[in-house]
Each structure stands twice: as C-alpha cells, then as structure tokens.
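**Student:** Next up is a structure, given as structure tokens.
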Amino acid sequence: MINYDFSGRVCVVTGGAQGIGGAVATQLAAAGATVALWDMDRALAEEHAARIGKAAAFDVDVASWESVAAAHEDTVARLGEVDVLVNSAGIAGMNATVADYPVEEFARICAINLLGTFHTNKVVAAGMRARNYGRIVNIASVAGKEGNPNASAYSASKAGVIGFTKSLGKELADVDVAVNCVTPAAARTRIFDQMSEEHINYMLSKIPRGRFLEVDEAAAMIVWLASEANTFTTGAVFDLSGGRATY
C-alpha cells in the first residue's frame with residue numbers, strides 16, 4: 001500500500017460508516033487525517049469512528065441542504081476547516097422497469113444520489129477556493145456510464161454525478177482544488193440489500209474480471225485522488241469497473 005500523509009487535514013466522508021465510504025475513512029485515518037463521518041446511521045458511524053481513531057460521527061441526511069449545512073458548521077467548529085470531501089453516500093433503490101417505477105421512489109433516489117452530491121460539494125466549495133486548497137471525490141457508478149436496465153433512477157442519478165463533477169472541476173481549476181469522481185462496478189456492501197438477486201447476477205455477468213469490486217480496492221484509488229499527490233487531475237472520471245466500462 002502506498003503511504004500518504006494526511007496529517008493536519010480534515011476529511012469529510014459521507015456514507016462513511018460502512019461500505020466504500022467506511023474503507024476510505026479507515027485509510028484516511030491510518031494516513032493521519034482527522035475524519036468526519038457524515039452518515040444517517042449515527043450509531044454505526046460512531047462505532048466506525050471508535051475503530052479507526054481520530055474520527056467523529058455526525059448525523060447527516062445529504063438530501064437535505066439544512067442537514068448538510070448544519071453538519072458542516074458543526075464539523076468546522078469541532079475539527080477545523082474541511083480540506084477533503086469524499087462523497088460516498090448513496091442508495092440503489094428498487095429494481096423495476098420505467099413503466100412501473102414509482103414517481104416518488106425515482107425522486108427519492110435522485111434526491112440522495114444527485115442532489116446530495118450538489119449539497120455536499122456546495123457546502124465546501126467556497127471555503128476550499130478561499131484557502132486555495134481542497135480535494136473532492138464523488139462516488140458515481142459504472143451504471144452512470146452504461147445504464148443498467150430496471151435501475152433507471154440509479155443510473156440517471158449517477159450519470160448526473162459524473163456531469164456535475166466535470167462542471168465543478170472546471171469551475172475550480174484555477175485554484176489548487178481537485179474535483180474528480182470514480183465509477184465503481186458493484187461491490188458487495190449493504191447496498192445489495194436493496195437489489196433483487198436477478199439484478200445482482202446481471203451486474204456480475206457484466207464484469208470481465210468475474211468478481212465484484214473490493215471496497216479496499218476502491219479506497220486505494222479514492223485516497224490518491226484525495227491526496228496532495230494528485231496535483232493536476234481534476235474534472236475527471238476514473239474507472240473501477242473490472243474491465244466493464246468501455247470509455
């Protein structure tokens with residue numbers, strides 16, 4: 001494992017209690033960062049914070065601007081200004097055809113995955129620009145590139161995350177703030193609980209590696225993007241699809 005030095009850096013990880021976000025939080029803490037876990041599952045976030053050390057848990061609903069703004073204010077007061085944001089909070093939602101997809105469910109998924117990305121990026125962007133330093137990594141999905149059948153809300157919301165990241169990356173390219181996203185294939189995390197077995201098997205069948213992504217593999221790439229070692233790349237999309245993605 002490559003060693004990075006995040007000493008003195010305050011890193012916010014949304015969805016940081018488990019899954020990819022949890023693995024990222026673990027690696028950041030091991031590299032010396034002070035980590036703020038923003039998660040709706042406060043109890044699970046507190047357990048993970050205790051495990052990794054030098055971390056604090058915050059109860060945050062990324063779909064709510066008021067919740068995100070309050071968490072940011074609390075984080076700055078307790079830990080200091082935010083240097084790094086890894087936006088990993090997200091949901092898969094139900095599997096259904098577009099014809100059968102409930103309007104309310106589609107809106108809920110987009111509110112968390114896409115509007116939540118806007119909220120969390122917005123709340124840190126001005127401060128990063130003012131301090132001439134910041135690293136933002138948004139977690140999109142290979143579904144945002146290719147579109148998964150019976151997962152229109154998830155696919156559309158993650159495509160939106162890709163476009164949003166490219167836009168913000170260009171806005172902040174004149175200062176030392178990097179904004180990138182990754183497009184993972186499926187990893188066996190708690191998000192699988194929201195999917196049908198048929199859909200899980202479909203996703204696996206599309207991965208040339210013949211297996212699901214491991215969360216530590218994802219974290220390794222994300223931590224590099226969030227580090228000072230990433231001096232040039234911004235507004236970019238990084239593949240974590242095991243060969244599935246074709247562009």
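**Student:** Give me the distance in nm between label points sitting 7 Å out from Cα along the Cα-to-Cβ direction at E81 and D100, one decimal.
**Tutor:** 5.2
**Student:** Taking only Cα atoms of the chain, what ratio of Rg to Rh do you get with Rh as the Kirkwood inverse-distance radius?
**Tutor:** 0.95
**Student:** If Lys and Arg each add +1 and Asp and Glu each add -1, what is the summed charge of the other residues whose beta carbon sits under 10 Å from the beta carbon of H48?
**Tutor:** Every neighbour counted, the sum reads -3.
**Student:** Just tell me, in residue order, which DSSP H segments of the chain are both 27 angstrom or longer along the helix axis (alpha-carbon based) and at least -1.0 in mean Kyte-Doolittle hydropathy.
**Tutor:** 152-171
**Student:** To the nearest 20 Debye, how big is the dipole of segment 10-240 about its Cα centre, given +1 on the beta carbon of each Lys and Arg and -1 on that of each Asp and Glu?
**Tutor:** Taking the Cα centre of segment 10-240 as origin, the dipole is about 500 debye.
**Student:** Please work out the C-alpha center-to-center distance from segment 100-128 to segment 24-74 and express it in whole Å.
**Tutor:** 18
**Student:** Moving on. In nm, to one decimal, how far is the modelled label at K206 from the one at S7, with both set 7 Å along Cα→Cβ?
**Tutor:** Label at K206, label at S7, 4.4 nm between them.
**Student:** Would you mind computing, in nm to one decimal, how far apart the modelled labels at T233 and A30 are, each placed 7 Å from Cα along Cα→Cβ?
**Tutor:** According to this spin-label approximation, the distance is 2.0 nm.
**Student:** How high is the relative contact order of the chain, given as a whole-number percent (alpha carbon pairs under 8 Å, six or more residues apart)?
**Tutor:** 20
**Student:** Can you list the lysines whose alpha carbon is less than 27 Å from that of K166, not counting same-chain residues fewer than 8 positions off?
**Tutor:** Output for K166: K122, K145, K158, K206.
Quick note: the coordinates plus some simple rules give every number you see, no bench work behind them. On a predicted model such as this, the values are computed, not experimentally measured, just so you know. Here Cβ is always computed from backbone atoms with ideal geometry, including for glycine, and neighbour counts include all displayed protein chains.
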